[in-house]
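First the structure, in the form of structure tokens, and then the observations on it.
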Amino acid sequence: MKLKLNSEFGTLKAVLMHRPGNEIDRLTPYNITEYLFEDMPYLEVMQREHDEFRSLIKGATGATVYRLLDLLIESLIDDELLVKAFQIALKPHKLEHLAEDLIGRFSTMECANALIAGVKVRELKRKLNHKSLDKLGEHAFVITPSPNSYFMRDPAAVVQTGVISCQMKNAIRTRESFIMRMIFENHPLFKENFNLIYPKDTIEEALTENYPDIEGGDVIVLSSKALAIGNSERTDPEAILEVAREVLKSGEVERVYEVLLPKKRNFMHLDTVFTIIDENLVVTYPDAMRAVMETRVHRKEGIDENGNTILSTEVLKESILEVLKKEIAYLEIIHTGDGNPDYASREQWFDGANVFAIGPRRVISYNRNRHTNRALREAGVEVNVIPSSELSRGLGGPRCMTMALDRQDF
């Protein structure tokens, strides 16, 4: 698998997803804010909705749907990697010395689940009773859960020249990025073609150094020649510059757009503002498009004596919509809520603009965003809907839940 993408809408060939698991049941009224949720989903219904989503992708495209848990189990067969993974996961409580004892008492499947769903002291004590656990309460987490893992878009982004291993804004999501990079670097499916764009250091250095943050929801492939990255509440400008230097170095990509978003939750990522569903068609949230009035364009000016890309930057004082019109010929625009401001704000809360393109003018959308879906159909788009009563509670849409790995070149 080449692990490179030249569009957001080419017919899907391979995608990575995570079926919500026991990590969702770790959410309580007292910790949902800490884990970036605003409600507690009902896991059984959530899983049924996700299963329908996954089946729809396979049935509509024939694409290979990889499951995160399966890839993680297959990667952790490597004993050295397994020990390293648990040492890193246990480090926040200074319990990394327990890693070998712990994994000796768990199956590979249990180990993989523990890295996603977390482990509490009382659960660990059933298999390992060590004095260093006594300082922690019975219900404390030895390994914290990762309930945001079903939002596969964020921990890594596949772009034109390789993979961005994302540095997450919130520490509670750091392990998601670590797991994803570990899989890309070690799993036989990916390791031969894994070209790391950012950060260039080892996993351990990426976890300990204070690297600028970037999340996959802010990364949108505009074309084979252009990449857009949101400067948002979750992505730092310094990270965008580092990514731009690497992406532009070879000359394959010619422009990296840095889109300055308002630092608000409903503009959390660039893909909540717009998504591309054909070579000349985008779905947008009107309020956000009007709010973005500055975009910076980074281009390659040259290479310095150390082999680093020298950037030139142009500041565009105009809306992102005008920028897109320059980049995309004969641009057509569909507004969330079918242009009605009340419907648009309501459906944007449930990620109306965050549809997932499975091919040109073929998308998957939440069934609850009916006004947006109607506007899409009236524009000739094939709209496949999925149930969304529970999946939507995490405030992420179909694009958020998918990491496209391979598409037909466009």
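Any read-out appearing in this document is the output of simple, stated calculations on the displayed coordinates, not a laboratory observation. These figures come from a predicted structure and were not determined experimentally. Cβ sites come from the backbone with ideal geometry, for glycine too, and all protein chains shown count toward neighbours.
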Problem - Relative contact order of the range 71-143, pairs being alpha-carbon contacts under 8 Å that are 6 or more residues apart, as % - result: 30 percent
Completion exercise
The exposure ranking of His371, His18, fewest beta-carbon neighbours within 10 Å first, is His371, His18
Exercise for the section: Return the whole-Å distance between the Cα centroid of the range 162-220 and the Cα centroid of the range 284-310. Expected result: 21 Å
Practice task
Would you please give the residues with an amide H less than 5 Å from that of Ala404, counting only those at least 5 places away or on a separate chain, with H modeled from the backbone geometry?
Solution key: Leu16
Handout entry: Given charges at beta-carbon only (K, R positive; D, E negative), |dipole| of the chain in Debye
Key = 700 debye
Handout entry: Interchain or long-range residues, amide H under 5 Å from Leu316's placed H
Key = Thr295, Arg296, Val297
Handout entry: Entries of Lys58/Lys169; Lys191/Lys225; Lys84/Lys191 with Cα pairs more than 21 Å apart
Key = Lys58/Lys169; Lys191/Lys225
Problem - Burial ordering of Asp134, Asp287, Asp218, fewest other beta-carbon atoms within 10 Å first - result: Asp134, Asp287, Asp218
Completion exercise
If unit charges are put on Cβ atoms (+1 for Lys and Arg, -1 for Asp and Glu) and the dipole of the range 196-249 is taken about its Cα centre, the option from Pro199, Ser223, Ile240 lying farthest towards the positive end turns out to be Ser223
Handout entry: Percentage relative contact order, the chain, counting C-alpha pairs under 8 Å, at least six apart
Key = 21 percent
Problem - trypsin sites (Lys or Arg not before Pro) within the range 294-375, DSSP loop, no more than 12 other Cβ atoms inside 10 Å - result: Lys317
Exercise for the section: With unit charges on the beta carbon (Lys/Arg positive, Asp/Glu negative), name the residue among Ala14, Asn373, Leu311 whose Cα is farthest towards the positive pole of the charge dipole of the chain. Expected result: Asn373
Exercise for the section: Using a Gaussian network model of the chain whose springs link C-alpha atoms within less than 10 Å, name the residue from Leu261, Leu71, Leu98 with the highest mean-square fluctuation. Expected result: Leu98
Problem - Mean Cα-pair separation over length for the range 5-100, i.e. relative contact order, pairs under 8 Å, 6 or more apart, % - result: 29 percent
